[in-house]
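The values are calculated or read from the model by the stated rules, or taken from the named source; none is laboratory data. If you're wondering where the values come from, they're calculated on a predicted model, not measured in any experiment. We place every Cβ from the backbone using ideal geometry, glycine too, and count neighbours over all the protein chains shown.
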């Protein structure tokens, strides 16, 4: 097997196992499912709206991820740095890029697993009516991409510090910015004081318009490119930070 | 196999390693000695490819470590000072992960893991979670990891730190056993260890190499080298000995009538025992005991790492 791939999968497998060898994975998945059920059924009133679509389910994901994904990502590098295992990892022919890709893949797949486990919501909608399954699939795609962007941001803040709490808080702040930058109450407020191009510029950083388009079932290359660029940018920044920290 | 030249590493305004050069060939067990903070760990980290030197180069089997750490690290087994381990893994799980990273898979991977577990006496804890291990087992687990790919070069940063005497002996025996076909570089501040296993000692102080020689040669730089401890009975002995040109200082340790125990310090490490013995025979002194000092490494170590001016004078 190609050495790059070999190292990436070895690191990814170790991270994946680390989630499930500790209670983290189970606690996270249970809380995630409970909260997404709570928001969908109690807050968004899935049953009362009388519509067989999953808008009420997906619209809360940016907020859920904002809090929960940093909890999954915060240990990725902070723990390696605190315990010194980073010195081991980077002296056994593993490069920072291979290691961070492995970690990213593991954390993202873990989020995708949690997302897949929300399938009963889809079953409920199908049982009660006939939702547009294309729209549901596109919504899931959007949510998975959104989770990937959060994971990448969380991994970046994790590389910045050996303190997991700081990493968590920084990741939440970045997540909050990326949500609020395009949130109508915020853009309206900004529009009163700033020129239109600036408001649009800031708003275009936001997850929201891209995620909403995917929720509506519109798979636009520009939205996919947006998520891909957020992920690539965050991974690249992580690599820069790591190279700086380890003196490479 | 290892060749370092002109290594410099700064941390902020502090120069941790200042123009360090050395080389080591197969069969060598090189001990890096020095007070805490002298730059031992930083030097080893640069050889291991974890830190990039600000100036200078390390070649490992002809590979420039800073330019191609991935290739160089294939020949290196490295045990960091803090013995970092993934706490949530089991001993065998940890070793399997590292064997995989080292490029082994399937049956070959399992064979390698089993082999190092046996070699490092880890069988009793192989399925135990690492966070429950004692210090000695942690040390050996981290050591085992360095052997997985049977590297030509072992870099061990304080391999026996914090172990009990039996465990230290085990680690030393392992190092000695492997030294024939490898280059082993270890840092330590335990001087007895250097005498016990190292073929060469490099003493680093304030980031500079201040001595680089065989331990037995280094010991000759001790002020006590060739000093004589004497238990003797006879008339006016100290007065006679004082006339010897090579004896610098005479200390009387104890006296009992004409019998006394004396400590004779030579000038500049010159041999004096033969002269003393000959005089004793001529004057018919009664000699109970005579010991010649081989010199002490801790003495040398203290002198060259504390005062610069003594080194200049030599």
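Any residue at all in region A:23-35 that is farther than 29 Å from residue A:233 by Cα, within 14 Å of chain B (Cβ to nearest Cβ) and not in a helix (DSSP H, G or I)? Yes: region A:23-35 contains one or more residues that are farther than 29 Å from residue A:233 by Cα, within 14 Å of chain B (Cβ to nearest Cβ) and not in a helix (DSSP H, G or I). Residues in region A:46-77 that are outside any helix (DSSP H, G or I) and either at positive phi or surrounded by fewer than 18 Cβ atoms within 10 Å (Cβ to Cβ) (or both): 4 in all. Applying the criterion of being touching a helix residue (DSSP H, G or I) at 6+ places or on another chain (Cβ under 7 Å) and part of a loop (DSSP other than H, G, I, E, B) to the residues of region B:138-163, the residue that is surrounded by the most Cβ atoms within 10 Å (Cβ to Cβ) is B:159. In this structure, residue A:102 does not qualify as within 14 Å of chain B (Cβ to nearest Cβ), more than 19 Å from residue A:29 (Cα to Cα) and free of Cβ contacts under 8 Å to residues at least 60 places away in the same chain. Restricting the search to region B:46-78, which residues are in contact (Cβ under 8 Å) with a residue 40 or more places away in the chain and either surrounded by fewer than 22 Cβ atoms within 10 Å (Cβ to Cβ) or facing another protein chain (nearest Cβ under 8 Å) (or both)? Result: B:48, B:51, B:54, B:55, B:56, B:57, B:59, B:61, B:74, B:75, B:76, B:78.
Of the residues making up region B:79-93, those that are without any contact (Cβ under 8 Å) to a residue 40 or more places away in the chain and more than 7 Å from chain A (Cβ to nearest Cβ) are B:92, B:93. Listed by position, the helices (runs of 4 or more DSSP H) contained in region B:171-273 that have at least 1 residues being surrounded by 18 or more Cβ atoms within 10 Å (Cβ to Cβ) and at pLDDT 85 or above are B:191-197.
Is it true that residue A:85 is on the phi < 0 side of the Ramachandran plot and more than 14 Å from chain B (Cβ to nearest Cβ)? Considered against the rule, which asks whether it is on the phi < 0 side of the Ramachandran plot and more than 14 Å from chain B (Cβ to nearest Cβ), residue A:85 comes out as no. Can you find a residue that is more than 14 Å from chain A (Cβ to nearest Cβ) and over 28 Å from the mean Cα position of the chain (by Cα) anywhere in region B:98-108? Scanning region B:98-108 turns up at least one residue that is more than 14 Å from chain A (Cβ to nearest Cβ) and over 28 Å from the mean Cα position of the chain (by Cα).
Determine whether residue A:97 is over 18 Å from residue B:88 (Cα atoms), surrounded by fewer than 23 Cβ atoms within 10 Å (Cβ to Cβ) and away from chain B (no Cβ under 14 Å).
On the way: over 18 Å from residue B:88 (Cα atoms): yes; surrounded by fewer than 23 Cβ atoms within 10 Å (Cβ to Cβ): yes; away from chain B (no Cβ under 14 Å): no.
For residue A:97, the condition - over 18 Å from residue B:88 (Cα atoms), surrounded by fewer than 23 Cβ atoms within 10 Å (Cβ to Cβ) and away from chain B (no Cβ under 14 Å) - is not met.
Using the structure shown, decide if residue B:125 is more than 9 Å from chain A (Cβ to nearest Cβ), over 24 Å from residue B:180 (Cβ atoms) and surrounded by 20 or more Cβ atoms within 10 Å (Cβ to Cβ). Yes: the conditions hold for residue B:125.
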